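Have a look at the structure below before the remarks.
The values are calculated or read from the model by the stated rules, or taken from the named source; none is laboratory data. Note that the structure is predicted; figures quoted are calculated from it, not measured. Glycine also receives a Cβ, built like all others from the backbone with ideal geometry; neighbour counts cover every protein chain displayed. Heads up: the accessible areas ignore ligands, DNA and RNA and are worked out on the full protein's heavy atoms, side chains in. Shrake-Rupley method; radii C 1.70, N 1.55, O 1.52, S 1.80 Å.
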Amino acid sequence: MNEFALPDVGEGLTEAELVTWRVDVGDTVAINDIICEIETAKSVVELPTPYAGVVSEILVPVGTTVPVGTALVRIGAVDEVVSVPSTPPADLPNVRTVPSASSERSDDSAQPLTLVGSGPKEIRASRVVLAKPAARLAARERGIELEAVVATRADGVITTDDLTRVAEPPMETFEPIRGVRKAMAEAMVASAAVPHVTIWASTDATRTLELAERVGRRLLTVIARMTVIALQRHPLLNSTFTADGVTLHERVNLGIAAATPRGLIVPNIREADRLDLASLESALDDLVAVARAGRTQPEAQVAGTFTITNIGPFGIEGGTPLLNPGESGILCIGAVAKRPWVVGDAVVPRDVVTVSLTFDHRHIDGEAGSRFLRDIVRMIEEPGTALTF
């Protein structure tokens, strides 16, 4: 009988939450079959099994957070008898098991035990609750005892629809902070501990919008390319500060703050300074699609050197973003809106955008930060400026 324990999927993972089981007790699996999904502090990760055989026992219920090294599942040979522990582990309630043939025979033949002076001993039968993984997770979150839920399926397996029928409309809801949201909270606390400052400027983006339309790219892509150019001119903004010194990064790993249903994550585009406009947009599309699908891997969220956050699609004019830990700067792009703008001696309607920059004030002073942001503003106002840099 093989036990598959929670591995370190990278970057010093210490614990993870079991999100979904893809297999059930009695299922036959082959090596590298995906058997479950875990949520780390950075993303949801699919785990393949290193063993082939029959799932004998699922040891960790959905919704449980366990440390690396915890046995998740037991997988036995095809002809191996399914084992059943006498009781679930005390620290892992609701572990689902299936009685083995041997244990059923034992129950059938069991007779009341007689103790002198005490009569027959009561034997209590325990009910095995069958439920879909999603129903177990929903029941845990809603505080519903599965034993109290009546399954409507013929096989007796409780579904989320069954939970809906018994759940009363909640007066309030409580969501525990875990997984990606927990990591985001911890990162923001760490970021707030860094002395930082935010500066901003509104600028005429009309010509950049025209350029983006002419070459068939999005405004975000064009500004991302301008940001890379500015980082090459101001390497201090593409650096990491530590107590021992400042590391200037040769390459630009451009982080993109992405809002996902699980929370905010910041995957990055490796060596974005090597990409032309088309390749950069393609990389952005891939990054966003993977993030929204919840499939961003932990390795895609490390080693970033600078971050862009785009709040324009939400109609927000500007903001003061917090640094992604380990980085020295983050650029925030606001919403583009028609505003009266002075051009020469006339006031005309122009497409205006506000860009703001937060930077680590321990080693970047106001002049350095302002020069960097000014370069970006100049390129947005007149994209041809980039050719002179």
Residue that is nearest to residue 200 (Cα to Cα), among those in segment 336-370 that are assigned to a strand (DSSP E or B) and of a type in the set (S, T, N, Q): 356
Mind listing whichever residues of segment 147-160 are over 27 Å from the mean Cα position of the chain (by Cα) and outside any loop (DSSP other than H, G, I, E, B)? 147, 148, 158
Among residues of segment 204-233 being over 26 Å from the mean Cα position of the chain (by Cα) and surrounded by 21 or more Cβ atoms within 10 Å (Cβ to Cβ), the residue farthest from residue 283 (Cα to Cα) is 205
Kindly check whether there is at least one residue in segment 139-146 that is over 22 Å from residue 65 (Cα atoms) and more than 23 Å from the chain's Cα centre (by Cα). no
Examine segment 288-299 for a residue that is open to solvent by less than 60 Å² (accessible area, probe 1.4 Å), aliphatic (A, V, I, L, M) and either part of a strand (DSSP E or B) or within 27 Å of residue 244 (Cβ to Cβ) (or both), and state whether such a residue exists. no
Regarding residue 68, is this residue surrounded by 20 or more Cβ atoms within 10 Å (Cβ to Cβ) and either in contact (Cβ under 8 Å) with a residue 12 or more places away in the chain or in contact with a Ser or Thr (Cβ under 8 Å, 6 or more places away or on another chain) (or both)? no
Residues that are of a type in the set (A, V, I, L, M), in contact (Cβ under 8 Å) with a residue 60 or more places away in the chain and closer than 27 Å to residue 303 by Cα, drawn from segment 20-42: 41
For segment 242-287, give me each residue that is in a strand (DSSP E or B), more than 13 Å from the chain's Cα centre (by Cα) and either crowded, with 21+ Cβ neighbours inside 10 Å or in contact (Cβ under 8 Å) with a residue 12 or more places away in the chain (or both). 246, 248, 254, 255, 256, 268, 269
Take segment 176-203 and flag every residue that is of a type outside the set (Lys, Arg), outside any strand (DSSP E or B) and open to solvent by 40 Å² or more (accessible area, probe 1.4 Å). 176, 177, 184, 185, 186, 188, 189, 190, 192, 193, 195
If you scan segment 33-64, which residues turn out to be under 23 Å from the mean Cα position of the chain (by Cα) and among the β-branched types (Val, Ile, Thr)? 34, 35, 38, 40, 44, 45, 49, 60, 62, 64
